[in-house]
Amino acid sequence: MKYSIDKKETYTIITIDEKKLDTTVAPDLKSEFVKLNAEGINNLILDLSNVKYTDSSGLSSILIANRLCNSTGGLLVMTGLQDHVMKLITISKLESVLHILPTVEEGIDRIFLHAIERDLTSKE
């Protein structure tokens, strides 16, 4: 699987450099999500701007990442979704479960907002 990881202090950006997120790629992606979570990384931005197609196994790997991030108080933000990928998410009725934004920059802003909200909630 071709991808790049950019680790920052409070978040990590994973850019998928594949046209298809399917059964040939999804297991490696799931493994990477589990490994990052084990390292203590709980805020992920998944840049899918290069992905033109995904199937249920690709969607499953994304849902695993979402669950891992949520379980540690973090956030998964997906950015750059192409039409086909967004259509599958909509058909699966997951647009209300997943955090989807147009750009990585907006994803970064959402991660910081989530941290502020979490801090305010914990002080109450």
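Figures for the structure shown
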item	result
Every residue from the stretch 1-31 that is farther than 20 Å from residue 43 by Cα, open to solvent by less than 60 Å² (accessible area, probe 1.4 Å) and among the β-branched types (Val, Ile, Thr)	25
Matching residues in the stretch 91-105 - criterion: being of a type outside the set (S, T, N, Q), part of a loop (DSSP other than H, G, I, E, B) and either open to solvent by 90 Å² or more (accessible area, probe 1.4 Å) or closer than 16 Å to residue 50 by Cβ (or both)	93, 102
Pairs with Cβ under 8 Å, 6+ apart, first in the stretch 55-73 and closer than 12 Å to residue 36 by Cβ, second polar (S, T, N, Q) and surrounded by 14 or more Cβ atoms within 10 Å (Cβ to Cβ)	68/37; 68/42; 69/37; 69/42; 69/43; 72/37; 72/42
Residue within the stretch 26-49 that is in contact (Cβ under 8 Å) with a residue 60 or more places away in the chain and in contact with a Leu (Cβ under 7 Å, 6 or more places away or on another chain) present	yes
Count of residues meeting criterion [more than 15 Å from the chain's Cα centre (by Cα) and either under 14 Å from residue 74 (Cβ atoms) or of a type in the set (A, V, I, L, M) (or both)] in the stretch 34-55	3
Hits in the stretch 32-82 (condition: open to solvent by 60 Å² or more (accessible area, probe 1.4 Å) and aromatic (Phe, Trp, Tyr))	53
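The values are calculated or read from the model by the stated rules, or taken from the named source; none is laboratory data. Quantities reported herein were computed from a predicted structural model and do not represent experimental measurements. Cβ: placed from backbone, ideal geometry, glycine included. Neighbour counts: every protein chain shown. Just the protein is used for accessible areas: all its heavy atoms, side chains included, with ligands, DNA and RNA removed. Shrake-Rupley method; radii C 1.70, N 1.55, O 1.52, S 1.80 Å.
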